[in-house]
Structure formats: C-alpha cells, structure tokens
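Enquirer: Below you'll find the structure I mean.
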Amino acid sequence: MPFDVHKQPANLALLETWMKGYKPEELFDEHGTLIEELRELAPEGNRRMSANPIANGGLVRKDLLLPDYRDYGVEVTRPGTTRVENTRPLGTFLRDVIRKNKTNFRYFCPDETASNRLDAVYEASGKAWMAEIKPEDADGSHLSPDGRIMEMLSEHTLEGWLEGYLLTGRHGFFASYEAFVHVIDSMFNQHAKWLEKCREIPWRAPVSSLNLLITSTVWRQDHNGFSHQDPGFLDLVINKSPFVTRIYLPPDVNCLLSVADHCLRSRNYVNVIVCDKQPHLQYLSMEDAIVHCTKGISIWDWASNDQGTEPDVVIAAAGDVPTMEALAATAILRENFPDLKIRFINVLDLFKLQPPSEHIHGLSDRDFDGLFTTDKPIIFNFHGYPWLIHELTYRRNGHKNLHVRGYKEQGNINTPLELAIKNQIDRFNLAIDVIDRLPQLHVAGAHVKERLKDQIIENENYAYEEGIDRPECTDWRWPFEPVG
C-alpha cells in the first residue's frame with residue numbers, strides 16, 4: 001500500500017515528525033524565509049555554480065594554435081593514380097597540434113593509435129600514465145606521467161574524459177574503430193542534447209566541438225571479419241539536432257586534412273569524420289580538396305563526360321571505398337559505352353543531401369536538382385546502410401530515380417573486393433545497376449552485363465581460393481586523362 005498522507009492521518013503525523021527532525025525553526029523565520037545568517041553563506045559572483053568559469057568553460061576557452069594543414073597534404077598530379085594511407089598524414093598534423101598546444105589539447109583513442117596509423121602523435125607526447133613505469137615498458141609503450149595522449153581500451157571512459165575536458169574550455173580529438181564507437185552511443189546522445197539546449201541559454205559560452213574520427217571502417221575488415229563491420233553510428237547521429245551534428249566522409253588525404261582543420265576550429269558541434277586507415281587512391285590536389293570541402297558536394301569533372309549536356313545517368317558516392325568502386329564502375333561504362341553521358345558526384349558533407357529546411361547545410365532544391373537532375377537514374381554508392389540516404393533525400397524531386405547501394409549486413413573474413421561484392425557496392429554490380437536502369441542499354445548492354453556477371457563469379461572464386469583479390473582489381477587506377 002502506498003504511503004498516503006492525504007487519506008491516512010497517522011501517516012501524515014509520521015511525515016510531520018520526520019520533517020520537524022530537521023529543526024526548521026532554526027533555519028527559517030516566522031514567514032518561512034531563510035534566516036540572514038544562512039543567506040550570507042550563499043556564494044556570489046563567479047563563485048556561483050552557473051557563473052563559475054570552471055562550469056562555463058567557454059569563458060576561458062582559447063583558440064588552438066594550428067599548423068597549416070596544407071603542409072601535410074600529398075601531391076596529386078593525376079586523379080586516382082596514387083595510393084596513400086589516408087590517416088597517416090593526419091597523425092603527423094595532430095602531432096604538431098599537440099606540440100603547439102601542450103596545455104589545452106589532448107588526443108583520445110582506445111589503445112588503437114598505431115593500428116589507426118596515427119602513431120606520429122607519439123613523437124610529440126607519450127600516453128598519460130599515472131602508475132609505475134616498468135623497464136619492459138621502455139620499448140614501444142610510450143608511457144609518460146605528463147602525457148597528452150589518453151589511451152585506454154574503454155571507449156566510454158575516454159568519451160567521459162573528453163567531454164569533461166571540452167566543458168572546461170579545452171580541445172580534444174577522439175579516434176575509434178568504427179564498429180566500436182557504438183560503445184558511446186548514449187554518451188554522444190546526451191552531449192548532443194546538452195549542446196542543443198546550450199544554444200537557448202545566452203550566458204552559456206560556446207565550447208570546443210567534440211571531434212570523432214571513425215576509422216578502421218567496415219570495408220577494410222578482411223582480418224577481423226563480421227564483428228568489425230558496422231557503419232551504423234551515422235544513423236544515430238543524423239537523428240540529433242541539425243544545429244549540432246556534422247558528418248563528413250572525406251574521400252582522400254587532402255580532404256581529410258581540410259576537414260580536420262575545420263573541425264578543430266569549430267565550436268558547439270559534434271563533428272563525425274569517417275575515413276579509413278588503409279592505402280587508398282588519391283583524387284584531389286590540396287587546392288581542389290579545399291574547394292570540394294568548402295562546397296561539401298561536387299561534380300568531379302575529371303571523372304564525368306557529360307560536360308555541356310544532360311547526363312544519361314548520375315553516379316554518386318560518399319566514402320573512400322564506395323568512391324573508388326563507383327569510379328571503377330564509371331570507367332567500365334565509359335570503356336564499353338563511349339557515347340553514354342555520365343555525371344560523377346562526390347558527397348563529402350552528408351547533410352548536403354537534406355533540404356535546407358531540415359539542416360542548415362542542406363542544398364536548395366534548385367541546386368540539388370541541378371546536380372542530380374529530376375528525371376535521370378541516380379546510382380548512389382554509400383559507405384553506410386543504404387536506407388540512410390533515402391531518409392535524407394525522400395523529399396527531393398529526383399528521389400524516385402534514386403537507387404542506393406551500401407552495407408547490408410553481409411560479411412565475414414572477406415577480401416575487400418569480395419566484401420564489396422557481397423553487399424553489391426562493387427564496380428561490377430554498380431555497372432549492372434546502370435545498364436538495368438537505362439532503356440537504351442536493356443538490349444544493347446546485354447553482352448556487357450553478362451561479362452560483368454562473369455567477373456563477379458571469377459573474383460569471388462579467386463578470393464576464396466587465394467585469400468586475396470586479383471591484382472588487376474587491387475591495383476586498379478583511374479584510366480582516363482583529366483578533361484582539359
């Protein structure tokens with residue numbers, strides 16, 4: 001039975017006795033006002049909880065001293081012909097960020113810094129370590145009592161550290177395996193909600209953004225397998241406030257560096273950067289990368305052949321591996337159907353796909369229609385789960401023409417191309433998707449379609465028998481000279 005004081009006089013008497021035990025007559029006057037002696041104990045000015053700079057870290061925040069990210073880029077003389085580990089130059093950039101900001105920047109990672117190709121940061125600082133450092137730790141463990149690198153195989157502990165560090169006016173950067181960033185789902189949720197409400201409070205000074213690098217991604221897990229294949233963190237992020245969340249999928253090193261610099265300068269956001277650590281083709285010079293990152297979405301003229309005309313088909317991609325496979329599909333189609341007009345679009349800022357009424361980064365309908373058309377087939381190759389793209393674009397005029405490929409929970413300990421084939425983001429399936437959606441190719445493209453089906457079978461068999469992908473696929477390069 002509930003403790004009802006309204007209908008049970010005995011219970012009301014018990015409550016009264018309990019409350020009188022606090023001796024309210026010693027705390028309040030006859031009018032129920034707190035006595036002056038106790039009122040004088042209340043803190044004033046910046047000693048009040050809400051006004052204390054420690055609790056309003058934006059008041060003491062100072063901008064980072066950042067090196068010029070352009071100095072860490074890679075040379076790209078011809079798109080899609082050289083390979084670089086995307087995150088390694090970023091590690092060198094972050095190394096120098098640490099060196100320039102020894103008291104207000106920390107790097108956070110769940111014991112995966114070297115695996116993520118970011119180990120250049122150890123040249124600037126060791127891992128923070130409060131316990132005894134033993135002789136056997138001298139070889140490669142990088143331990144230091146004053147280290148600026150926070151490593152622990154506990155994503156939620158690191159996230160808590162990082163959030164606290166940001167809220168006290170400082171800066172940080174968190175790198176995680178893609179499959180295990182889900183450990184901090186609820187913590188991200190609450191921080192994003194807190195940032196959204198802070199926008200409504202005028203005295204709350206902006207703090208540094210929470211920057212998350214999602215690497216060791218789904219498409220390069222040939223040695224870890226199915227357990228490490230989960231790009232679903234992006235689905236979580238898009239549901240939070242458009243004033244707070246940002247998602248970037250840089251396709252190469254120079255774009256990654258430009259995005260990282262932008263994120264480290266920003267305030268009051270959660271910036272999610274998705275970029276794999278393995279060697280990948282490089283597409284854009286630093287100058288072109290800056291323009292692409294500024295726009296967030298671009299037609300890649302060098303990969304397109306529809307200049308001055310309407311395209312027959314639009315091929316779009318978001319993410320490093322999906323971009324490469326989409327480019328390879330484009331090359332197959334251009335080689336086999338030279339009269340086919342193809343427009344190639346790369347999406348770096350995922351929220352460009354939403355209307356501006358839903359996200360402040362969203363493209364206007366006029367710009368979206370100009371890029372994607374309103375009546376041509378769109379084959380979109382996406383890093384994550386395919387339905388996310390439909391969720392972002394369902395209001396667009398051309399949505400009915402949109403066909404999305406992405407991760408479909410099909411995987412094992414696969415080679416990279418084998419995993420792509422299983423989820424149909426590979427070059428062969430994408431080319432077939434185009435043939436299937438263009439009436440002029442339904443019959444004329446039948447022979448090519450059959451050869452593409454043969455390629456799928458041959459590559460799957462080769463991966464099964466040899467444990468690696470065929471060299472002509474692994475070593476694929478963009479075959480066409482840039483236009484102009």
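The values are calculated or read from the model by the stated rules, or taken from the named source; none is laboratory data. Not measured: the values here are computed from a predicted model. Positions of Cβ are generated from backbone atoms using ideal geometry, with glycine treated the same way; all protein chains shown enter the neighbour counts.
Enquirer: Under 8 Å by Cβ, and 6 or more places apart or on different chains, what pairs join a residue from the range 249-265 that is touching a residue at least 24 places away in the same chain (Cβ under 8 Å) and within 17 Å of Asn101 (Cα to Cα) with one that is among the acidic types (Asp, Glu) and surrounded by fewer than 24 Cβ atoms within 10 Å (Cβ to Cβ)?
Expert: Arg265/Asp63
Enquirer: Output the residues belonging to the range 295-349 that are closer than 22 Å to Phe368 by Cβ and small (Gly, Ala, Ser).
Expert: Listed by number, the residues that qualify are Gly296, Ser298, Ala303, Ser304, Gly308, Ala316, Ala317, Ala318, Gly319, Ala326.
Enquirer: Just to be sure, is Ala42 surrounded by 13 or more Cβ atoms within 10 Å (Cβ to Cβ) and assigned to a loop (DSSP other than H, G, I, E, B)? If you could, list the steps in order and put the result at the bottom.
Expert: Details: surrounded by 13 or more Cβ atoms within 10 Å (Cβ to Cβ): no; assigned to a loop (DSSP other than H, G, I, E, B): yes.
No.
Enquirer: If you check His142, His156, His171, His182, which single one turns out to be surrounded by fewer than 18 Cβ atoms within 10 Å (Cβ to Cβ) and in contact with a Phe, Trp or Tyr (Cβ under 7 Å, 6 or more places away or on another chain)?
Expert: Working: His142 fails: surrounded by fewer than 18 Cβ atoms within 10 Å (Cβ to Cβ); His156 fails: in contact with a Phe, Trp or Tyr (Cβ under 7 Å, 6 or more places away or on another chain); His171 fails: surrounded by fewer than 18 Cβ atoms within 10 Å (Cβ to Cβ).
After applying the criteria, what remains is His182.
Enquirer: Continuing with this model, one more query. Please find, within the range 46-77, the residue that is surrounded by the fewest Cβ atoms within 10 Å (Cβ to Cβ) out of those that are within 25 Å of Glu481 (Cα to Cα) and within 27 Å of the chain's Cα centre (by Cα).
Expert: Selected residue: Glu75.
Rundown of residues vs (1) outside any loop (DSSP other than H, G, I, E, B); (2) farther than 21 Å from Ala289 by Cβ, yes/no style:
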| residue | (1), (2) |
| --- | --- |
| Met324 | yes, no |
| Thr330 | yes, no |
| Arg334 | yes, yes |
| Pro355 | no, yes |
| His359 | no, yes |
| Gly362 | no, yes |
| Ile379 | yes, yes |
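Enquirer: Within the range 57-70, is even one residue acidic (Asp, Glu) and touching a residue at least 40 places away in the same chain (Cβ under 8 Å)? Write out each step before concluding.
Expert: Going through the range 57-70, the residues acidic (Asp, Glu) turn out to be 63, 68.
Checking which are touching a residue at least 40 places away in the same chain (Cβ under 8 Å) leaves us with 63.
So far as the range 57-70 goes, yes, one or more of its residues are acidic (Asp, Glu) and touching a residue at least 40 places away in the same chain (Cβ under 8 Å).
Enquirer: Are there any pairs with C-beta distances below 7 angstrom linking a residue in the range 154-165 that is touching a residue at least 40 places away in the same chain (Cβ under 8 Å) to a residue that is among the hydroxyl-bearing types (Ser, Thr, Tyr), with the two at least 6 apart or on different chains, and if so which?
Expert: Glu155/Ser176
Enquirer: Let me ask another. So how many residues does the range 381-412 have that are part of a loop (DSSP other than H, G, I, E, B) and either in the same structural domain as Ser227 (by TED's automatic domain parsing) or surrounded by 17 or more Cβ atoms within 10 Å (Cβ to Cβ) (or both)?
Expert: 9
Enquirer: Still on this structure: Tell me the residue from Thr309, Thr294 that is assigned by TED's automatic domain parsing to the domain that holds Leu340 and either under 25 Å from Thr474 (Cβ atoms) or surrounded by fewer than 23 Cβ atoms within 10 Å (Cβ to Cβ) (or both), please.
Expert: Thr309
Enquirer: List, please: which pairs have Cβ atoms under 7 Å, are six or more places apart or on different chains, and start with a residue in the range 26-50 that is outside the structural domain of Ile201 (by TED's automatic domain parsing) and end with one that is surrounded by 10 or more Cβ atoms within 10 Å (Cβ to Cβ) and aromatic (Phe, Trp, Tyr)?
Expert: Correct list of pairs: Leu34/Phe28; Ile35/Phe28.
Enquirer: When you scan the range 204-228, how many residues do you find that are under 15 Å from the mean Cα position of the chain (by Cα) and either more than 30 Å from Arg265 (Cα to Cα) or β-branched (Val, Ile, Thr) (or both)?
Expert: The number of residues fulfilling the criteria is 4.
Enquirer: Looking for whichever is among the basic types (Lys, Arg) and touching a Gly at 6+ places or on another chain (Cβ under 8 Å) here; the options are Lys400, Lys352. Which one fits?
Expert: Lys352
Enquirer: Hey, Phe351 hits all of (1) farther than 15 Å from Arg437 by Cβ; (2) in contact with a strand residue (DSSP E or B) (Cβ under 6 Å, 6 or more places away or on another chain); (3) among the aromatic types (Phe, Trp, Tyr) but one; which does it fall short on?
Expert: Failed condition: (2).
Enquirer: Out of the range 187-223, which residues are assigned to a loop (DSSP other than H, G, I, E, B) and surrounded by fewer than 20 Cβ atoms within 10 Å (Cβ to Cβ)?
Expert: Arg199, Glu200, Ile201, Pro202, Trp203, Arg204, Ala205, Pro206, His223
Enquirer: Select from the range 348-395 the residues that are among the polar types (S, T, N, Q) and free of Cβ contacts under 8 Å to residues at least 12 places away in the same chain and write down the one among them that is nearest to Leu249 (Cα to Cα).
Expert: Ranking the qualifying residues of the range 348-395, first place goes to Ser364.
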